[in-house]
Amino acid sequence: ARLAGERGAKLVRDMLSFAQRTRLNRVDADLNLIVAGFADRQPATCAERLAFDLRDGLWPVSVDAKAVDEILKNLVENALDAMGREGTVVIRTENVQKLMTEEPTALQGPPPGSYVRLSVVDTGAGIPRERISQIFDPFYTTKPVGSGTGLGLSIVQGLTHQMGGTVTVVSETDNGSTFRLLFPAIK
């Protein structure tokens, strides 16, 4: 009964987080410092499965540190679930310059400009191509009944968009997933 109560409380928190377009406290920040703070707060069992590739000299971005923390929590939790007991989750940051492109898919992405990319990479089961379009839908989950709310990636997408960013995923069955978030740089 206690476990069911805890699951119910988590579901309510997730639903409130998803439903509320809470006012974010955006400040100019170095994503590396936010990622380092996230890493410091992880329990040892999680921390030993995380690796970091944080590039020096990141451009500042206008983000809410708590929102980025929530994004990382959801992406890392999903990655660890996808990998089971083996594998490492890599969190990477880097400056990127997006140029104009003639590709039709470019219309869906961010406009040309300077961005800071935050990536979360796992070596898990991957997401089947036919499911990728659904993963950001509220309540969509690949986890067994009772194991997930299906709100984590919806929260990731919603918070990222509220901060002016975009999120994309590259995944292949049995080859893991890479979630890439782009935040406009302040130069």
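Among the residues of the stretch 150-172, write down those that are touching a residue at least 24 places away in the same chain (Cβ under 8 Å), more than 10 Å from the chain's Cα centre (by Cα) and within 16 Å of LEU80 (Cα to Cα).
If the condition is that a residue be touching a residue at least 24 places away in the same chain (Cβ under 8 Å), more than 10 Å from the chain's Cα centre (by Cα) and within 16 Å of LEU80 (Cα to Cα), then SER171 is the only one that fits.
Since LEU181 meets every condition but one in (1) modelled with pLDDT of 95 or more; (2) in a helix (DSSP H, G or I), which condition does it not meet?
The number of the failed condition is (2).
I'd like to check something: does the stretch 26-47 contain any residue that is of a type in the set (Phe, Trp, Tyr) and not in a helix (DSSP H, G or I)?
At the first step, the residues of the stretch 26-47 found to be of a type in the set (Phe, Trp, Tyr) are 38.
Okay, now just the ones that are also not in a helix (DSSP H, G or I), so none.
Within the stretch 26-47 (the criterion being of a type in the set (Phe, Trp, Tyr) and not in a helix (DSSP H, G or I)), the answer is no, since none of the residues qualifies.
What are the residue pairs meeting all of these: first residue in the stretch 17-28, first residue of a type in the set (Asp, Glu), second residue modelled with pLDDT of 55 or more, Cβ atoms under 6 Å, and 6 or more apart or on different chains?
ASP28/PRO60; ASP28/SER62; ASP28/ILE186
Would you check if GLU102 is at pLDDT below 95 and surrounded by 13 or more Cβ atoms within 10 Å (Cβ to Cβ)?
Working: at pLDDT below 95: yes; surrounded by 13 or more Cβ atoms within 10 Å (Cβ to Cβ): no.
In short, no.
Has the stretch 74-90 got at least one residue that is part of a strand (DSSP E or B) and either out of contact with any Phe, Trp or Tyr (no Cβ under 9 Å at 6 or more places or on another chain) or at pLDDT below 95 (or both)? Even if it seems obvious, please write down each step before you answer.
Of the stretch 74-90, the ones part of a strand (DSSP E or B) are 89-90.
Checking the rest, the ones that are also either out of contact with any Phe, Trp or Tyr (no Cβ under 9 Å at 6 or more places or on another chain) or at pLDDT below 95 (or both) come to 89.
Yes, the stretch 74-90 contains a residue that is part of a strand (DSSP E or B) and either out of contact with any Phe, Trp or Tyr (no Cβ under 9 Å at 6 or more places or on another chain) or at pLDDT below 95 (or both).
Restricting attention to the stretch 51-71, which residues are in a helix (DSSP H, G or I), over 21 Å from PRO110 (Cα atoms) and not charged (D, E, K, R)?
Start the filter on the stretch 51-71 by keeping residues that are in a helix (DSSP H, G or I), which leaves 65-71.
Next, only the ones that are over 21 Å from PRO110 (Cα atoms) stay: 65-66, 69-70.
The answer is ALA65, and nothing else.
The values are calculated or read from the model by the stated rules, or taken from the named source; none is laboratory data. Nothing here was measured: the structure is a model prediction, and the numbers come from that model. FYI the Cβ positions are ideal-geometry reconstructions off the backbone, even for glycines, and counts take in every protein chain you see.
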